[in-house]
Amino acid sequence: MDQSRIRNFCIIAHIDHGKSTLADRLIERCGAIRGTAQEQMLDSMDIERERGITIKMAAVRLLYTAKDGETYQLNLIDTPGHVDFTYEVSRALFACEGALLVVDASQGVEAQTIANASMAMNQNLEIIPVINKIDLPHADIARAKEEIENAVAIDATDAIPCSAKSGIGIDDILEAIVARIPAPGGDPNGRLRALIYDSHFDAYQGAVAYVRVKDGRVKKGDRIMMMATGNKFDVDSTGHFGPGLTVNKGLDTGDVGFITAAMKSIGDARVGDTVTNADDPADVALPGYRKALSMVFCGLYPSDGDQYVSLRDAIDKLKLNDASLDFEPETSAALGFGFRCGFLGLLHMEIARERLEREFALDLILTAPSVDYRLTMKNGEEIHIANPADWPDPNDIASVEEPMVTATIMVPQEYVGACMTLCQERRGIYVKTEYPTPQRVILHYVLPLGEILLDFFDKLKSSTRGYASFDYDLSDYALSNLVKVDILLNGDPVDALSFIVHKDFAYNRGRAMVERLRQVVPRQQYEVRVQAAIGAKVIAADTIKPFRKNVIAKCYGGDITRKRKLLEKQKEGKKRMKQIGSIELPQEAFLSVLKVA
Ligand code: GDP
Ligand code: MG
């Protein structure tokens, strides 16, 4: 297709504002799929569908005959909608010339609307505001426009009203894409430069790189080089998304498509890297490449120690699919052999855990997530600690720094007080307030990442009746007075239960943790003492009274199958339990610290 008739665009929105529904409607309108598929075409993984979120980006090529009689090729690139995947979003935006900014007419602009729109503006994309869900009775198009202009600073005069659900405004959107989004630039005769904006792993083809060709051309048989790693491969096939992968004769400047080249792991096709021709390489790579940064760490242990090798194999396999997953072996006195894993965020952690359990039939214990702390020791050495169990002797520590985030909270006026209280409780530093419309407020805070890992988002939602929306960006490290709190069971410290907390909060959180453990640890045959301590100083203590349920006590003699069933049921209940010394701890115990703030 002639470069001038290509349009590369994406859809950005706050979660639930209708991005996937609109994508489906556009696909349907352009006849890429027959009939009306109920399922959302772009969200391909099971877990995504269940959670109703988009983790993996995909793209789809649409052919649209516009009112001017010309046929255009529209490449719709899907972007993930969650803050954990901000970097991936930024790369997907870089593959486009324009974006549809979808705003729910009944909700108005939300925190991620602003975050995504400002990313798109930084990439100089042409932004077309779309006001969705106008079929809803409380849709307020005028208010949505006003919020877009005030909070996002985009002219919303030509915002397109639509209903992705009932199909209103779809043609207007397609016409606007053709008319307002520029055709891709780039030099068709230049040396190959293609941006990898996503990838996935296929058992037969190896890593599949999803690319946007910025200059030059790539086809089957070419020898390519990844500019960040210098690794070289022979192209097996190129193609586009129809949807579904469709092999073609090559990808030209401006095209969006995929490359397979017998790449053994997803790490060979890194998001943000530039593909060039190995025999005639480009001088400079496309800007913006960086390695995915782990923000959240936790220990992953098999609840049955015999599954260690299976867990290792499973993580290796998952890593083939997920370049952002970091892991290394770790041992815990309490939990035995396992792995310390690094994730982009809490959602990423949950997805990895679910996939490990579901796809590899494992039963896992996760320790409470931690951030990466930077410690300067008295001997001048600088160390990073992402596992509270590794925290050094406080006497050797000169100073501690923790990662901070800049947070944006959008909330109706009446809940500002509740939000500010919560941010203060989480050691937030107030930055400023903005008023995009008379009823709505944007609060800017700097918060410790470690405090957001606790149930910050849940608390924010519950203290604002669900009205607050929240987005954050990693900022810098800041000095903080942090200490490690140990948890002792019958006098023995359980390393996997230790946590790091600000000194001023240590007492309260220590007490809450002891209380929580008293609730979640099942009674044992004897009394269990639970203590929280900083060094040798106990700051909270409680006891769990002894008790043991004998499940077969009521089966007098006779029915052996019934007995066996009961015993099996009890065994089932023991899953996700971990024997610590003589005490059995359930999974909830290890995540207790998340609930104590
Ligand atoms: P995403 O998170 O932005 O991808 O949002 P979805 O496309 O999954 O939509 C979220 C919810 O809003 C779903 O229940 C959709 O059915 C619904 N929805 C999407 N578009 C419309 C619309 O135009 N009108 C109405 N009434 N509901 C819509
Ligand atoms: Mg979606």
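Pairs LYS319/LYS461; LYS461/LYS595; LYS249/LYS317: which exceed 25 Å Cα-Cα? Over 25 Å Cα-Cα: LYS319/LYS461; LYS249/LYS317.
What ratio of Cα Rg to 2.2 N^0.38 Å holds for the range 374-479?
1.29
Once you reduce the range 92-148 and the range 295-345 to the center of their Cα atoms, the two points are 39 Å from each other. Each label was represented as a point 7 Å from its Cα along the Cα-to-Cβ direction; for HIS444 and GLU70 these points are 4.1 nm apart. Taken over the Cα atoms of the range 67-167, the convex hull encloses 120 Å³ per residue. For the range 296-367, the Cα-based Rg and Dmax, in that order, read 10.9, 31 Å. For the range 194-330, the calculated P(r) over all alpha carbon pairs, in 5 Å bins from 0 to the bin holding the longest distance, is 2, 10, 18, 22, 16, 11, 8, 6, 4, 2, 0 percent. Entry note, the chain: relative contact order of 10 percent, from Cα contacts under 8 Å with a spacing of 6+ residues. On a per residue basis, the convex hull of the C-alpha atoms belonging to the range 440-557 measures out at 177 Å³. Legend: translational diffusion of the range 500-540 by Stokes-Einstein, Rh = Kirkwood radius over C-alpha pairs, 20 °C, 1.002 mPa s; D = 194 µm²/s.
Please report, as a whole percent, how much of the solvent-accessible surface of the chain comes from carbon and sulfur atoms (probe radius 1.4 Å).
Numbers: 12770 of 26160 Å².
About 49 percent, which is the carbon plus sulfur part of the accessible surface.
The Stokes-Einstein estimate for the chain, based on a Kirkwood radius over Cα pairs and taken at 37 °C with 0.692 mPa s viscosity, is a diffusion coefficient of 124 µm²/s.
Can you sort ARG465, ARG374, ARG29, ARG353 by 1.4 Å-probe accessible area, starting with the largest?
Reading off the accessible areas and sorting them downward yields ARG465, ARG29, ARG374, ARG353.
In whole angstrom, note down how far apart the Cα centers of the range 411-462 and the range 196-232 are. Taking the Cα centre of each part, the range 411-462 and the range 196-232 sit 42 Å apart. Rounded to the nearest 500, the helix-only mean residue ellipticity at 222 nm of the chain stands at -7500 deg cm²/dmol, with each DSSP H run of n ≥ 4 adding -39,500 (n - 2.57). For the chain, the longest principal axis of the alpha carbon atoms and the long axis of helix 560-574 meet at an angle near 70°.
Compared with the dominant Cα axis of the chain, that is its longest principal axis, helix 19-29 is turned about 30°. Protein-only accessible surface at a 1.4 angstrom probe places the residues HIS17, HIS240 in the order HIS240, HIS17, largest first.
Excluding ligands and nucleic acids, what accessible area in Å² is computed for ARG290 using a 1.4 Å probe, to the nearest 10? Its heavy atoms expose roughly 110 Å² to the probe. Kirkwood hydrodynamic radius computed over the range 82-139 comes to 12.1 Å, based on all pairs of distinct alpha carbons. With one equal scatterer per alpha carbon and no solvent term, the Debye-computed log10 I(q)/I(0) for the range 133-197 at 0.19, 0.22, 0.30 1/Å reads -0.87, -1.00, -1.25. Accessible surface computed residue by residue for the range 316-414, with neighbouring protein chains in place and a 1.4 Å probe, gives 40 Å² per residue. Rolling a 1.4 Å probe over the protein heavy atoms gives the range 193-277 an accessible area of 35 Å² per residue.
Pairs of Lys residues in the range 101-248 are counted when their Cα atoms are under 19 angstrom apart and they lie 8 or more places apart or on different chains; the count is 4.
Our summary of shape: the Cα atoms of the range 462-509 have principal axis extents of 45, 29, 20 Å, ordered from largest down, in whole angstrom. In order along the range 472-482, phi translates into HN-Hα couplings of 8, 10, 5, 10, 10, 7, 9, 4, 7, 8, 9 Hz, rounded to whole numbers, per the Karplus curve 6.51 cos²θ - 1.76 cosθ + 1.60 with θ = phi - 60° and x for Gly and Pro.
The values are calculated or read from the model by the stated rules, or taken from the named source; none is laboratory data. For clarity, every value in this text was computed on a predicted model and none was experimentally measured. Here the Cβ is made from the backbone with ideal geometry for all residues, glycine too, and neighbour counts use every protein chain on show. Accessible surface is based on the protein model in full, side chains and every heavy atom, while ligands, DNA and RNA are left aside. Shrake-Rupley method; radii C 1.70, N 1.55, O 1.52, S 1.80 Å.
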